[in-house]
Every structure is written in C-alpha cells, then in structure tokens.
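The values are calculated or read from the model by the stated rules, or taken from the named source; none is laboratory data. Since the structure is predicted, the reported quantities are computational estimates derived from the model, not experimental observations. Quick reminder, even Gly has a Cβ in these numbers, built from the backbone with ideal geometry, and neighbours come from all protein chains shown. Each accessible area value is taken on the protein alone, full model and side chains, heavy atoms only, with ligands, DNA and RNA left out. Shrake-Rupley method; radii C 1.70, N 1.55, O 1.52, S 1.80 Å.
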Amino acid sequence: MSRICAILGIWVCGWMMVAWAGAADAPGAVAGAGAADAPGAAAGAGAAAGAGGGVLVSESFDDAGLLKREWYDGEQFRIVGGAAAGKGCIEYEWVDLKSRVSGSAPIRRLFEPTDDVYIRFYLRLSKGWGWSGKTYHPHLTHFMTTENAAYAGPAASHLTMYIEPVGGKLRLATQDIQNKDAPHGLTQGPLKGGYNEMWYDSKEILFVDDQWHCVEAEFKLNTLDVAKDRPNPDGIARGWFDGKLVVDRKDIILRSTDFPKMKFNQFIIAPYFGTGLLPHPQKLWIDELVISTKPIGPLAAAKEGK
C-alpha cells in the first residue's frame, strides 16, 4: 500500500480529509516493486520526443514498470491500449459509487528543483463522463515544492498547484494551508472551513467528449523584494488545451518572503472525487507526460480530437 493511499489510513486530498483504500485492492492492476524511499530525479525518454531541451521527466506509460523509472509511492498500475501515442496509457477507474479510484495507484515523481515548470500530458475521459455537480472536484494532478517532504500530503502544504478538469473547464488552482502560522501567513486566500484556495479556470467548457486532449500548464514562482520584505505580483499560471492558451495569469503571488528558497520539485498523479461527488462509474486515461523547464507543445503524432 502506498503512502499516498495510506498514512495512518488517511489521505488528505483537495479540501477535505478522506479514508482511501490501498492500492493493493485495485482490480486488474499490474503489481510493481515497493518504494521504500523516495528516489532521485532523472529524465526519461519516449514522451519527450520533439519537446526540445529542459526535459526533467518524460513518461509514455507504455508499460507498468513505473517504479523502475523513478516514480514512487504507488504499487499497481493498469496499462491499456488505445493510447494517445505509443503502446499504452495509464488507466484509472471508479467501478461504482461507493468504491474509490482503482486500476492504478496514485503515484509521485521527484525532479530537479526549478522555479519555472512546464507540464504536458494527454487526458481522455470515458464516454458520458459526469462531473461532481459542485464548483470543485475531481482532482487529478499536482505540483509540490522543496518546502515539503517527499511523502507529504498535497492537501495541506506550503504550496500545492493543481491541474485538473472541473465542470468541463481546465482549472489551475493553488493552496498553501500549511502557512497559516508562518510569519507572513497565507498567500492563497483566507481559510474557509480549514482550507484555502485560488482558482484560475478557462472561460470555456473544453472537456465535452471522450477523445484524447492535450493539457499543458506553466507555473512560475513570483520573485521577492527582500529589501522591502514583500512578494512581487509576477508569478505565472498558464494553461493550454490542444495547443490553445486558455488560462493566462502573469500577476499572481505564490509565495511570501518566508520561502526565498522554494522551488518546484515534485509531481503527483492522484485522481479523486470526494465522498458523494462521483456521479456514476467511469474511467480516465493519461498518456505522454512531460515535465520541463521550457515550453513543450502538443505531440504531433498524438490522437487528440480524433
């Protein structure tokens, strides 16, 4: 059972705390080796074809050997056909309204620390995909920083970034709940019910079918005016859908002067619907993931929109 799935039997995810079943219970999954300690970062191959320089992580999900490629904190992965490109893609499934996500375990990847990070992955939602009916959930992927440990939960950190489809829109979101007692306090809004967040959504509903779509995002930490002990409002959150810029913010604050050494260094895949928010059984697939310090762009050979 991964530490994402069970830390004292509890997974802190998004804006609520929930119990999560162990990855070992996932049906139809392919077992991998254990991950006792978080590995170092190293770039892979495959998905990065044509991505240019700056690649930190590359994963095509062509086989279940993710732990051999320095992913960690997960044990089972379901690799299936029908990929956006290559031989396979990773599948996550909700088999009924009471079951938690199965098929593949949530998983993490460390990479070389950077204050400016780009990501690209392909996402496919199953036919008839249903949303939560709320202004939040599902969660999907996250970035975390050097200010938290390798196994820290993403829902209550010094800074977590979210890339996810919500209500058909592409959402980039943030929280920094763990900074409530820091000298300069929170930067991602006040606590409400114990949690805080900032949302940056696409204007249009984008996820409307069961085809592959290219999702990209950039996050850049704001600079700091150390002399005046204040952050500069020049942080970046940008998102692209099939190559089109749909979220464009270059004026945000992601950190205070409490964290001058903060950098992005961890990526997490953890699909999740909160209790009572899953509308019906459904699946999603992820493929051709690249994390880089430079813009990446869609993969020419992928099947988005087809």
Report, in whole Å, the centroid distance computed from the Cα atoms of the range 103-124 and the range 198-253. 16 Å
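When a/c reaches 1.5 or more, the comparison of a/b and b/c decides; with that in mind, is the range 146-268 rounded, prolate or oblate per its Cα gyration tensor?
Values: a/c = 2.04, a/b = 1.69, b/c = 1.21.
Here the range 146-268 falls in the prolate category.
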Per-residue accessible area for residue 205 at 1.4 Å probe radius, Å² rounded to 10? 110 Å²
Mean accessible surface per residue for the range 144-276, computed with a 1.4 Å probe while every protein chain stays in place, in Å²: 40 Å²
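Compute the relative contact order of the range 59-182 as a whole-number percentage, counting only Cα pairs closer than 8 Å that sit 6 or more residues apart in sequence.
Details: 174 pairs, mean separation 19.8, N = 124.
Relative contact order for the range 59-182 comes out at 16 percent.
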Contact order relative to length for the range 79-132, counting C-alpha pairs under 8 Å separated by 6 or more residues, stands in percent at 19 percent
Row for the range 58-158, column shape: gyration tensor on C-alpha, a ≥ b ≥ c, rounded if a/c < 1.5 i.e. under 1.5, prolate if a/b over b/c, else oblate; value oblate
When only Cα pairs under 8 Å and 6 or more residues apart are kept, what is the percent relative contact order across the range 123-253? 20 percent
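Name the trypsin sites (Lys or Arg not before Pro) in the range 89-197 that are in a loop by DSSP and that have at most 16 other C-beta atoms within 10 Å, would you? Working shown, then result.
Values: sites: 98, 100, 108, 109, 120, 124, 127, 134, 169, 171, 180, 192; in loops: 98, 100, 127, 134.
Counting only loop positions with at most 16 other Cβ atoms within 10 Å, the trypsin sites (Lys or Arg not before Pro) in the range 89-197 are 98, 127, 134.
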Within the range 222-278, report the trypsin sites (Lys or Arg not before Pro) that DSSP leaves as loop and that have at most 12 other Cβ atoms within 10 Å. 228, 261
Do any chymotrypsin sites (Phe, Trp or Tyr not before Pro) in the range 116-190 lie in a loop, going by DSSP, with at most 15 other beta-carbon atoms within 10 Å of their beta carbon, and if so which? none
What percentage of the solvent-accessible surface of the range 155-306, computed with a 1.4 Å probe over protein heavy atoms, is contributed by carbon and sulfur atoms? 53 percent
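Compute the length gained on full extension between residue 150 and residue 98: take 0.36 nm times their separation in residues and subtract their Cα-Cα distance, giving the result in nm to one decimal.
Values: separation 52, 0.36 × 52 = 18.72 nm, distance 2.98 nm.
Once the chain is fully extended between residue 150 and residue 98, it gains 15.7 nm.
If you rank 229, 116 by how much accessible surface each has, with a 1.4 Å probe, what is the order from largest down? Please list the in-between numbers first.
On the way: 229 80, 116 30 Å².
From most accessible down to least: 229, 116.
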Among the lysines, which have Cα under 19 Å from the Cα of residue 127 when same-chain residues fewer than 8 positions away are ignored? 169, 283, 303, 306
